Amino acid sequence: MKERLSQFFNNHGLFSPLDFTDPVTYFVPGFILLILGETFLYQIPQKLFTKKLVKDELSSIGLGLGAVFLDFGMKAISLSYFFWIYNHFRITDFFGIKNFNDFITLKWHLNHGWLWLLVLIVQDFGFYWHHRLSHQIRLFWTGHVNHHSAKHLSFAVALRQGWFEIAYRDIWYVPFILVGFHPIMIAMMHQFNLIFQFWPHTNAIGKLGWFDKIFNSPSNHRVHHSRQIEELDKNYGGILMIWDHLFGTYQSENSKTHDYGILHDIKTHNVFNIVFDEFRNMMRDVKNAPDLKSKFSYIFKAPGWKHIGKDERVSTLQKNLK
């Protein structure tokens, strides 16, 4: 079966995702144990295990399962154009990857540990801008909003991946492929970034002192998932918080409680309604816009922009709050 699927992708000029050893698959048992541990050791003792929480978590798991299948196909597409760009348009061989047979040996990677550290930094930088623009451009927000629509924060929410987002999230790494970073290294680091981002989705872990200043953590991510106006659009980093410090989007956790979710609750736990809700809203606004400029504004300006009525963009709400 594996050989047939690989042959199918190869016959269509695509990289076979079956040839990519996804580290996420090895962490799935750990994810399950963390979800169960959080349930029995934190949510139940704290009397947080309610019917609404269960519905939130089941919809998160449903979104996660759908994302797994979509991501499988998207890997075939993204890795294919990554390799095409790398083979035909890369600017430099500075990183010393001249022979793929050498590249796939453990010895090569042990001798180039510095390159993995560099890949971690540039990949996380690319993720920061992907994540930030997914909040600040409505077209991208239609894919990312699914992740924020849960009214609770738990490990299960880490699985709540937007399906539309899978289609565009890899384009932010193209500049690094052009510079000469190998596609497999970028793809592997993206997956390790996703693995790291699982554990900050919880209320069970408190502040961690200096760690919160440098790395993404539960404390930082609680702020990111909060829908309190002063905490909106903060802490975008996947692994590192350095980008938020540099670009003015970092905010430490000041309150002990948070109101999670999005400004306007979607009030549904149906997976397909969750996926398509904001996209439908955007298309409705585009249809009702009076002119071409307004139509494009509904697509490319920040969520909450309106041609008439109250401006609900985060930047405006925070300005009015001050």
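Let me have the relative contact order for the range 271-321, percent, based on Cα pairs under 8 Å that are six or more residues apart.
That works out to 19 percent.
Starting from the Cα of residue 107, draw a straight line to each of the lysines and keep only those under 26 Å, dropping any in the same chain fewer than 8 residues away.
Correct list for residue 107: 98.
Mind listing the long-range amide H neighbours of residue 260? Cut-off is under 5 Å, sequence gap 5 or more, other chains count too, H placed in the peptide plane at 1.01 Å from N.
So residue 260 has HN proximity to 227.
Determine, for 128, 42, the number of other Cβ atoms within 10 Å of each Cβ, and report the residues in order from fewest to most.
Ascending Cβ contact count within 10 Å gives the list 42, 128.
Just checking my list (1) 33, 25, 21; (2) 28, 24, 19; (3) 39, 25, 19 against semi-axes √(5λ) of the Cα gyration tensor in Å computed from this structure; which label fits?
Computed from these coordinates, semi-axes √(5λ) of the Cα gyration tensor in Å corresponds to label (1).
Order these by the 10 Å Cβ neighbour count, fewest first: 119, 157.
Ranked by crowding around the Cβ, least crowded first: 119, 157.
Please check: in the Gaussian network model of the chain (C-alpha springs, under 10 Å), which one of 283, 74, 189 has the largest mean-square fluctuation.
In this elastic network of the chain, the residue with the biggest mean-square fluctuation among 283, 74, 189 is 283.
For the peptides 45-51, 150-156, 244-250, what is the packing order when you average, over each peptide's residues, the other Cβ atoms within 10 Å and list the highest mean first?
Sorting 45-51, 150-156, 244-250 by mean packing, highest first, produces 150-156, 244-250, 45-51.
In what sequence, highest mean first, do 174-180, 212-218 appear when ranked by Cβ atoms within 10 angstrom?
Per-residue Cβ counts within 10 Å, averaged per peptide and sorted highest first, yield 212-218, 174-180.
Based solely on its DSSP helices, what 222 nm [θ] is calculated for the chain when runs of n ≥ 4 H residues each add -39,500 (n - 2.57) and the sum is averaged over all residues, nearest 500 deg cm²/dmol?
Calculated from helices alone, the mean residue ellipticity at 222 nm is -18000 deg cm²/dmol.
When the chain is modelled as a GNM with alpha-carbon springs shorter than 10 Å, which of 167, 289, 158 fluctuates the most?
Sorting by GNM fluctuation, first place goes to 289.
Have a look at 288, 235, 111 and tell me which one the Gaussian network model of the chain (Cα, springs below 10 Å) gives the largest fluctuation.
Between 288, 235, 111, it is 111 that shows the largest mean-square fluctuation.
Rank-order 257-268, 221-232 by packing density, defined as the average count of other C-beta atoms within 10 Å over each peptide's residues, highest first.
With the highest mean Cβ count within 10 Å placed first, the list reads 221-232, 257-268.
Please give the helix 2-11 orientation as an angle from the longest Cα principal axis of the chain, in degrees from 0 to 90, rounded to the nearest 10.
90 degrees
Read the figures in this text as sums done on the coordinates, not as results from a lab. As the structure is a prediction and not an experimental result, all values here were calculated from the model. No Cβ is skipped: glycine too gets one built from the backbone with ideal geometry, and neighbour counts run over all protein chains shown.
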